[in-house]
Every structure is written in structure tokens, then in C-alpha cells.
């Protein structure tokens, strides 16, 4: 089969349609025919791997609860998110994706920089326990380069993407050190010249987050090969029209 990222990847499942990073969002994406989804993996206070984006619970719970890592997994499971949903374990999401044959980009998102390597280790353990340690079905990414270094040491066969959110070239040593497959760049910061530099260095170029079909087409002309989209099925339909 080979490793083949599609044009459109479901950002946090399908966050424009269902509550982000929830089982409902991932199931919606899977049922809609989305082949790859992206999620965020973070440790609870008792070091269980949860799927959640923010360091704090406030935005998603609609009240002041503070940091995610201040709570145990059991406590986190008791909190209701927008739409009456719950925070899933990474294990639950991987089992769901496996049932549909859907592939995943796991962003390793330590709640604190000092937890980057431990988070990577815990994520890899869950990945292996749930049969996702397949180099054709998994992409790791992170803004924390030490997390990528750890995944490289643990599983060099799994591709890695360096996440970049500024115009600084500081990512280049990390990409080289971890033998990165891709540079996953903030779409609003990309230029034709920067895109060409990245491609000339031998990396695949992915862009986040893009929800406008015309923007996708423009970035495609610069060499961007995959896009993280909040309504992935709808975007794929627009692009195929």
C-alpha cells in the first residue's frame, strides 16, 4: 500500500462539525470517508494519554477549571465538553479509527515542555498496544522537538512532521536531527519562496489550518501536498467539483 497522505486531513477529527478531538468528531470523519485525521495527545495528571488540545479545560468546558494536567483521567472523564461530549483516551480513539481503517497524525502535545519525552513514550506505548505501530498508517508531529527526537529513538520507522508556527528558520536543525518526513507549517505564514526552500530540502510540505478551497488551490500551486481542514469531507467534495 505504501505511505500516502491524502490532500485533506481531518483537523481534530472534524472540528467545524462536531466537538473537536472527541469520539463523535472522529466517527463523523470516518463515516464521511475521511482517510486521515489529526489529533492532539496530552497526559493527564496521573499520566494517562488523553486526546485534547488546550493546556487548560476552560475553553472546551465553558468554565474555569484550570489546567488539564491538574486532574486524573477519571476526573477528566467526568467533565462535560461542548455538545455534551467527553474527553477520550487515545486508546479509545485508536480503537475507533482501527474499526474504520482510518489513519492518524498524532500531535504529541506535552502540557509542559519538560514532559515532552515522557509524553512521547506514553503515546508510543498506547500506539503499540492498540495496533497502530504501522509506518503506513501513522505520522507523529509536534512543536516540541524533543518529543520528535524521542519518537525517532523509539520508532525510527514512523514518519515525523515538524510543526512550525513562525517564520524563523530555527526548525531546520530539528528536522535534520529527527530525519523529519514533513514540515507542517502555518498556512498563513507560507510564501512561494519559503515553500520552495522546504521542498528543495527534501521535505513534504503540509499546511494548517485551511478551510477555503481557493486557498488550498493556491497553496497546492506552491507545492503543499496535504491540508489540515476543519470540515474535511466537505472540503474534499469542494475540491473534487
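Tabulated values for the structure
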read-out	value
Some residue of the range 196-207 being under 19 Å from residue 141 (Cα atoms), modelled with pLDDT of 95 or more and part of a helix (DSSP H, G or I)	yes
Among residues of the range 41-64, those that are on the phi < 0 side of the Ramachandran plot and surrounded by fewer than 21 Cβ atoms within 10 Å (Cβ to Cβ), counted	12
Qualifying positions in the range 217-229 - within 20 Å of residue 35 (Cα to Cα) and in contact with a helix residue (DSSP H, G or I) (Cβ under 6 Å, 6 or more places away or on another chain)	227, 229
Among the candidates 76, 65, 94, 5, residue that is within 24 Å of residue 148 (Cβ to Cβ) and in contact with a helix residue (DSSP H, G or I) (Cβ under 9 Å, 6 or more places away or on another chain)	94
Filter pass, residue 40 being part of a loop (DSSP other than H, G, I, E, B) and either closer than 20 Å to residue 140 by Cβ or touching a helix residue (DSSP H, G or I) at 6+ places or on another chain (Cβ under 8 Å) (or both)	no
Any hit, the range 143-150, residues being closer than 23 Å to residue 96 by Cα, in contact (Cβ under 8 Å) with a residue 40 or more places away in the chain and under 15 Å from the mean Cα position of the chain (by Cα)	no
Odd one out for residue 95, checked against (1) over 21 Å from residue 170 (Cβ atoms); (2) in contact (Cβ under 8 Å) with a residue 40 or more places away in the chain	(2)
Per-region count, the range 136-147, residues within 19 Å of residue 4 (Cβ to Cβ) and touching a strand residue (DSSP E or B) at 6+ places or on another chain (Cβ under 7 Å)	5
Residue in the range 216-224 that is in contact (Cβ under 8 Å) with a residue 24 or more places away in the chain, part of a loop (DSSP other than H, G, I, E, B), more than 19 Å from the chain's Cα centre (by Cα) and more than 18 Å from residue 12 (Cβ to Cβ) present	yes
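The values are calculated or read from the model by the stated rules, or taken from the named source; none is laboratory data. This one's a predicted model, so the numbers in the text were calculated from it and none came from an experiment. Glycine also receives a Cβ, built like all others from the backbone with ideal geometry; neighbour counts cover every protein chain displayed.
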